[in-house]
């Protein structure tokens, strides 16, 4: 379960990204966060993942406050989460396979399992034929799918996706969103942030953010 | 858990992406390793020499001032009565000058205008061959006799090495310290460059939940590997140099021992902890 209690995030320049946001996302929920650009969607996901700290208020993920957690605890928490970043955050010089496999290697999975699992997940997102290509050689849509594969490969308990279909054509976006919803149906808690609601068909919880505040849920 | 596949991939990628940087680092390690190995060898050689008995067949005992004929006779008897002394011959300063001129040449400017009075009287002492190894002890005993100013004998290369052991040890320690510092600096700098090059990758891995061991193990393995290879190459080069000297200069053959595993062990024993210190410092910053 994820609890966000009156979280506010003000950046150094004085820009308020989030203002008094409170949310409670149950285990196994599929939360769709919608809002225009600059609404604070990415900041909210960053707070949940522990990349940023709230200026005030608190965030709790599975009973752990990422902002106060030790480095080791935060690392442990992140290994149970998957995050498909808006800017992908792929290691450009690595192959598609290596970018995905590293998550399983972090979890200490055996090599044979890693090989099979990575191939399977890359097949899900339609990248199995490009697994040996460098991430930098892939198109925007392919990179986005690769980022999604990396977020899914270890079957995390919580998955965060920031604009997961932004760089994809309609057909691919439908395919990828279908994959995320399929994972949700298997019990994964999914939080998707998007400015539009196209293909967001199966959420159990909708949150609308605007100017850093929850307008409706 | 040590991420072996990840480390292997990192090392393979490093070799492909920056072969020259790795080669240059390895070269630097090897050079420092060679110098360190030679330093260890020379200091050990001097130490061995200092423990070995000095062998000499004859020695010169120089007299202080101008002793009387009776005093010379008494001293001659005293020296001759020492165990291991075969023969004692008195060399007055005039004869000493003649010998010197014969040795250096009459026209040598060092002795051309030299007066016999400027030289000391001396005894030429012949040591019994069976007591040749006791030369050092005999020289000390003769040196303690009254009116004996100095005792000199041909100590050979080992004798000179033994006499210079303290100096060699001090110089060796200073040189080894400087080399060790160089080694630490090479590890530190090469690692900093490597970390800088991987900054983006490390940030992403940390975001994915990678711990310190996962992030830094490849660097530790790379630095340790290069350091060990450099030390081994250094030891091989030093060993080859020592063997070449022993083979080509027969005079040194009896003096110099081979470059042994013990020497290599000392070099590795210095290099490995030091490279780890360099790694720790680089990772800490």
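Where a number appears in this text, it was derived from the coordinates with a stated rule and is not lab data. Since we're looking at a predicted model, the values are computed, not measured. Quick reminder, even Gly has a Cβ in these numbers, built from the backbone with ideal geometry, and neighbours come from all protein chains shown.
For chain B, the fraction of alpha-carbon pairs lying more than 30 Å apart is 55 percent, rounded to a whole number. Direction-averaged projected area, Cα convex hull, the stretch A:78-198: 6.8 nm², rounded to one decimal.
Report the semi-axes of the equivalent ellipsoid for chain A in whole Å, largest first, where each axis is √(5λ) for an eigenvalue λ of the Cα gyration tensor. Display every interim value, and only then the final one.
Details: eigenvalues 155, 75, 52 Å².
Square roots of five times the eigenvalues give 28, 19, 16 Å.
Taking 0.36 nm per residue of separation and subtracting the Cα-Cα distance, full extension of the segment from residue B:77 to residue B:185 would add 32.5 nm.
Evaluate E = 1/(1 + (r/R0)^6) for residue A:116 and residue A:8, where r is the Cβ-Cβ distance and R0 equals 35 Å; express this FRET efficiency to the nearest 0.05. Please list the in-between numbers first.
Numbers: r = 45 Å, r/R0 = 1.28.
After rounding to 0.05, the efficiency reads 0.20.
Placing pseudo-labels 7 Å out from each Cα toward the beta carbon at residue B:213 and residue B:136 gives an inter-label distance of 5.3 nm.
By how many nm would the segment from residue B:87 to residue B:229 lengthen if fully extended, with 0.36 nm per residue of separation less the alpha-carbon distance?
Extending this stretch completely gives an extra 45.3 nm.
In this simple spin-label model, placing a label point 7 Å from the Cα along the Cα-to-Cβ direction at both residue B:70 and residue A:92 gives a separation of 10.3 nm. Applying D = kT/(6 pi eta Rh) to the stretch B:58-154, where Rh is the Kirkwood radius over alpha-carbon pairs, T corresponds to 37 °C and eta to 0.692 mPa s, the Stokes-Einstein value obtained is 234 µm²/s.
Extension gain for residue B:128-residue B:112 works out to 2.2 nm (0.36 nm per residue, less the C-alpha to C-alpha distance).
Calculated FRET efficiency, residue B:104 to residue B:261, Cβ-Cβ distance, R0 = 35 Å: about 0.15 to the nearest 0.05.
Rounded to the nearest 500, the 222 nm mean residue ellipticity of chain B from helices alone is -23500 deg cm²/dmol, with -39,500 (n - 2.57) taken per DSSP H run of at least 4 residues. Measuring between their Cα centroids, the stretch B:6-24 and the stretch B:167-196 lie 23 Å from each other.
Which of the three applies to the stretch A:109-158, rounded, prolate or oblate, going by the alpha-carbon gyration tensor with a ≥ b ≥ c and a/c under 1.5 meaning rounded? Write out the running numbers ahead of the final one.
Values: a/c = 2.18, a/b = 1.39, b/c = 1.57.
Here the stretch A:109-158 falls in the oblate category.
The spacing between the stretch A:1-61 and the stretch B:109-145, judged by their C-alpha centroids, is 95 Å. Within the stretch B:103-142, name every residue whose backbone N is under 14 Å away from a label modeled 7 Å from Cα of residue B:58 along the Cβ vector. Counting backbone N atoms under 14 Å from the label point, the list is B:103, B:122-129.
Every helix of 4 or more DSSP H residues in chain A counts as -39500 (n - 2.57), and over all residues that averages to -10000 deg cm²/dmol at 222 nm.
Could you calculate the FRET efficiency of residue B:150 with residue B:47 from 1/(1 + (r/R0)^6), where r is the beta carbon distance between them and R0 is 22 Å, rounded to 0.05? Please list the in-between numbers first.
On the way: r = 26 Å, r/R0 = 1.20.
Result of the calculation: an efficiency of 0.25.
Only Cα pairs under 8 Å and at least 6 apart count here; give the relative contact order of chain B as a rounded whole percent.
Details: 352 pairs, mean separation 92.1, N = 285.
Reported relative contact order: 32 percent.
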